[in-house]
Structures are given as structure tokens and as C-alpha cells.
Amino acid sequence: MYSLLSFKSFGITNDEPEDYLLGSFLYTKLRADDPVLERSFVIAADGAINLAMYDRIYMALQYAIAGEINYDTYHLLNLLFFSIILIAAYELLLKETGRTSLATIGPIALFLTPRLFGDIAANHKDVPFAISYFVSLVAIYLFGNKNSAKYLLILGLFFGLTQSLRTVGYSIYLVYVLWLLFNRATLVSFKKIFEILAQVAVIFFIGLLIHFVTLPYLATDPFSRFAELLTNAKAFPWNNAVLYFGTQFLSTELPWHYVPIWFLITTPILFLVYGLLSVKLISKSKLARLLWLSLFVNSVLLVLSQPVLYDGVRHLLFLLPPFVLLACLSFFALLKSKWRWKKIALSLTALNVVLILVQYSLLFPFHYTYFNEIVGYLPGANNQFELDYWGASYKSAVEQFNQRAQFEKTYQLYFCGDPQQVKAYARFKYELVYEINNADLLICHRRGNNQTTIDTFDSKNQFAIKRLGVPLTTVKWTP
């Protein structure tokens, strides 16, 4: 119901135009309908690196369903696809607890995770990967100890989709192997280790075949190009300004604490507390061991590889569902306990849920700009951290300017986002200019050093799209 009522409220984000276009190209290539694309997807030449090296199978699937590039339809599909992780969370907790009432808390908790839930409509990269990774963890928990051909095929399919969507998805194999080894009451014999490795090898080859289909560039020379993909994943070529604690850093020079601080200030307090307390459950719960193992493995890989990260926790959204489910397990433990402060703890939990829902109503549809009480919500994060890094508020900005524009005039527009983010909504005439001195209209969102650009444009005619009094996108113009 939420999907059907809200999907038209979400604006086009920065990366959507290019990625959805390239997704349509992949769909055409898989149908073998274009000889030029046949070559471009396997040979990264003539500027085709972005086409060849990045997997867009999810966007190709959306194009196949929609039949055209339509952003509202894509946003609706994104919202509907999110139901997969809600169902997976329910089934996982139902298997763990055996109680439908407790299992229902899993999907509710994911809904109450603003940085995840707020991204689902227009984040076509990180959320699908988060869904796929979590479903792979569920598959490990449900089928990981079964070595029949059927279950190996299921695991291979899920693992293959996960590694296809993002290179870090290959970490699922390490999580799987370690879980099989550690999740036993007795020491594992060399014979059993060999059986486990043989089992994982079968799953790996199934997954690799899927990756070959979704990324033809990899299939033509697996060894050298896999190394190339790993190198690119570690050193993604994005070296722009990132606002962190009020200071502009290059994305390649962010402090080591960038990621943990962002998790600390953007995750609801109740999940932080319950999630961290779930460490006590590792010795008691197989599920807790699996989820903590996934967090540990990916944290170690993050420290060792030191990839280029920006936009807060966006690239690490796939770690939120396991952490939130761990928080659910802690909450269940509290419900069963006889702790004398239990009623106070439950009251504080209910209060935090209410505060999250209030934030949802105030931030809609930009839930991904949520900050928790540690920094004082969005106002406390203003001028300290990145806010609307996706530029989703451009839709509201352009639509509001439609009501103020002089329609006989052709505006010289300086625009800080992707041109499609204005083209899709503008009802006024404009020409894009790339020197701010030549502009009589400026539309810019708050990201990186855009605020300097906004301040440079001097005009009394202006308004901003705001949430909680904080500007997300600013519009300035001269008569």
C-alpha cells in the first residue's frame, strides 16, 4: 500500500539517468539486438569502461518489466522489490523463534531503519545489493548445512546474484565457509574440511556462471578482468569533496572514523543499543553467530582494502539488515528476561519508535537524510555532514519554480545535478550554462562544496526545499 501511495513522490537521483540508460543497453545486449553493444560490453574501449565494468543486471530487469525508461515506474518497482527483504527477515526470525508475533518484528524493524528504508525508492544500486546479500545470509541459515544438488543450486543462484551486483558480494563465500567451520560442536576433521571446500567450489562455479551472464566483460577473460574488477572496487575513480564534521575532505582522504561515526549518528538509538548487546547471544544462537560473522568479515575486509567511500553509509547499507536483525534478537531476549528494569527499557524502546515515526513524517520523502538524537537530528547535522547527497529534492525545487517562472523567458540555468533531474520536471524554458557568471537561474543541492557555489550567486529572489528548517536544495534567480 505504501508503495502505491508514495512512488510518485520521489525525485530522480543523481546516478539514475545514466545507470538506467546503461541498464537498457544491457537488456538489448542480452537479447543480442545490437552488434555495437555486443562489442562494447566485452571490450572496454572508446570510453566504454563504464558500460563494460559495472554490472547493471538489476536495471536491465527493470527495463524488461517496464518496457521503457520511466522513473516513476522504476521507483514503484524498487519499492515493491524491497518486500523481498521484508519476507526474508520474517522467515528468518520465524525459523529462529517459531513465533509469528516475534517474526513480524523483523520487517517492522527494517521499516524503522531510515537510512535503509529511505533509500529504497531511488537507490537502484545499494539497496538491491543489500537485499541480495541478506537473502544469501538467509539461504545460508536455512540451507547451508544441506549438500544436496537442489540446495547447492539455490545457494549458487543467490550467491551469484550477490557477487554480480557488487564485487564485495564475494565475501559471502568467506562468511559461508567460516560459518560451516565454526558452527559445529566438535572439531572439524580434514575430511570434513575437504567436503566443505568441494561443496563451496560447486556453489562458486554456479555463482560465477551467473556473473559471466550479467557482466560479459568478465566472461571474456576471467582471470585478468577479475583482478581488474577488484582493483576498481578498491580505488573507485571518484575523488570529490565530502563534508565531514564541517570540513571538506576529498573522498580519498577521509579519516578512518568516517564510517563508524556515520553508523553511530544515522542509526536509530534503539538499534545501536540492542544491536551491540546482541554480542552476548553469539554463544547461544546460531543466527546471531551467522549475522555477527557477516559483520565481522566485511568489517575486516573494509579495513584491509580501504576502498573509496562517500555519501555516509550508502555503500555499506548491506550491513544494516544483519545488524537490525541482531537488535531484534536482543529485544526478544529482553522480552523473555526477568530483568527488574525491563519495563523501563521497553518504555524507552517504544518512545524511540515514536520519535522515528515523527521524523519520518517530517522528512518525507527524504527519509535518507535522517540523523539520530546524538547529533540533534537533521538540524544538528546541518553544515556538518552531507545531507541530500542524492539530489532527490530537485523534483520539489523544479516543480515549485514552475509556479514562479516567467514562461516567455529562456533562463540561463546553472544546475548542480544531472541534467535529467531538471528536464523531467521543468515547465519553463532554459538553457544549461557551465559558468555561474553567465547564469540568471541557479538550482543546487547541498552536497560537497555546492554551498560555496550557492553563496556565490547573489540574488534576493530565492527559496529552498527544506526539512526541519534545513535547506536541501536552493533555487536563486534574477528577474
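Table for the structure above
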item	result
Region 179-212: number of residues that are farther than 17 Å from ASN147 by Cβ and touching a residue at least 12 places away in the same chain (Cβ under 8 Å)	5
Members of region 414-432 found to be over 20 Å from GLU18 (Cβ atoms) and surrounded by 17 or more Cβ atoms within 10 Å (Cβ to Cβ), listed by number	TYR414, PHE428, TYR430
TYR411 being out of contact with any Pro (no Cβ under 8 Å at 6 or more places or on another chain), crowded, with 19+ Cβ neighbours inside 10 Å, touching a residue at least 60 places away in the same chain (Cβ under 8 Å) and assigned by TED's automatic domain parsing to the domain that holds THR266	no
Matching residues in region 187-222 - criterion: being under 28 Å from ARG31 (Cβ atoms) and either surrounded by fewer than 16 Cβ atoms within 10 Å (Cβ to Cβ) or among the β-branched types (Val, Ile, Thr) (or both)	PHE205, ILE206, LEU209, ILE210, VAL213, THR214, THR220, ASP221, PRO222
Any pair with Cβ under 7 angstrom, 6 or more apart, that starts in region 357-376 at a residue that is closer than 20 Å to ILE465 by Cβ and ends at one that is basic (Lys, Arg)	LEU362/ARG467; LEU363/ARG467; PHE366/ARG467; TYR368/ARG115; THR369/ARG467; TYR370/ARG115
Looking only at region 343-378, and only at residues there that are of a type outside the set (A, V, I, L, M), over 23 Å from the mean Cα position of the chain (by Cα) and in a helix (DSSP H, G or I), the one that is farthest from GLY246 (Cα to Cα)	LYS343
Some residue of region 126-145 being among the charged types (D, E, K, R), closer than 21 Å to LEU86 by Cα and in a helix (DSSP H, G or I)	yes
Criterion: more than 15 Å from the chain's Cα centre (by Cα) and without any contact (Cβ under 8 Å) to a residue 40 or more places away in the chain - qualifying residue of SER136, SER171	SER136
Hits in region 437-458 (condition: without any contact (Cβ under 8 Å) to a residue 60 or more places away in the chain and either within 17 Å of VAL398 (Cβ to Cβ) or touching a Gly at 6+ places or on another chain (Cβ under 9 Å) (or both))	ALA439, ASP440, LEU441, LEU442, ILE443, CYS444, HIS445, ASN450, ILE454, PHE457
Residue check, ALA227 surrounded by 15 or more Cβ atoms within 10 Å (Cβ to Cβ) and of a type outside the set (S, T, N, Q)	no
Cross-chain or 6+ apart pairs with Cβ under 8 Å, region 143-157 first and in the same structural domain as PHE204 (by TED's automatic domain parsing) and touching a residue at least 12 places away in the same chain (Cβ under 8 Å), then of a type in the set (S, T, N, Q) and part of a helix (DSSP H, G or I)	ASN147/GLN199; LEU152/GLN199; LEU155/SER136
Region 433-456, subset surrounded by fewer than 18 Cβ atoms within 10 Å (Cβ to Cβ) and either among the aliphatic types (A, V, I, L, M) or part of a loop (DSSP other than H, G, I, E, B) (or both), residue modelled with the lowest pLDDT	ASN449
Selection from region 109-129 of residues that are touching a Leu at 6+ places or on another chain (Cβ under 9 Å) and hydrophobic (A, V, I, L, M, F, W, C)	ALA109, LEU110, PHE111, LEU112, LEU116, PHE117, ILE120, ALA121, VAL127, PHE129
Flag if LEU346 is without any contact (Cβ under 8 Å) to a residue 60 or more places away in the chain and within 23 Å of GLU96 (Cα to Cα)	yes
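The values are calculated or read from the model by the stated rules, or taken from the named source; none is laboratory data. Just so you know, these numbers come straight off a predicted model, no measurement behind them. Neighbour counts are summed over all protein chains in view; Cβ atoms, including those assigned to glycine, are modelled from backbone coordinates with ideal geometry.
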